[in-house]
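Have a look at the structure below before the remarks.
Taken together, the values in this text are just the output of simple stated rules run on the coordinates, not laboratory data. Keep in mind it's a predicted model, so treat the numbers as computed, not measured. Don't worry about glycine lacking a Cβ; one is built from the backbone with ideal geometry, like all the others, and counts go over all protein chains shown.
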């Protein structure tokens, strides 16, 4: 799972490159995909990659208030023991 998270968040250009290569192969082997369809597919893939990347980044970042609450809870817990 960590490899997938790393791929989504740190290698978006690689994913887009792979999708572009797959589209080129499909066209080369006779699948009829118009230029507009290719552009739409790449646009959707790009949007999904960046939304997922943003969500992954957001899940790893905390607001200062959250950090302060976590720290104060840890202080209370360590003081109780």
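A few notes on this one:
- Cα long-axis angle, helix 64-80 against the chain (0 to 90 degrees, to the nearest 10): 40 degrees
- This structure gives Kirkwood radius over Cα pairs in Å, computed directly, and of (i) 17.6; (ii) 15.9; (iii) 14.9 that value is listed as (ii).
- Computed helical MRE - 222 nm, the chain, DSSP H runs ≥ 4 contributing -39500 (n - 2.57), nearest 500: -28000 deg cm²/dmol
- Between 0 and 90°, nearest 10: helix 35-59 axis offset from the chain longest Cα axis: 10 degrees
- Calculated FRET efficiency, residue 76 to residue 50, Cβ-Cβ distance, R0 = 41 Å: about 0.55 to the nearest 0.05.
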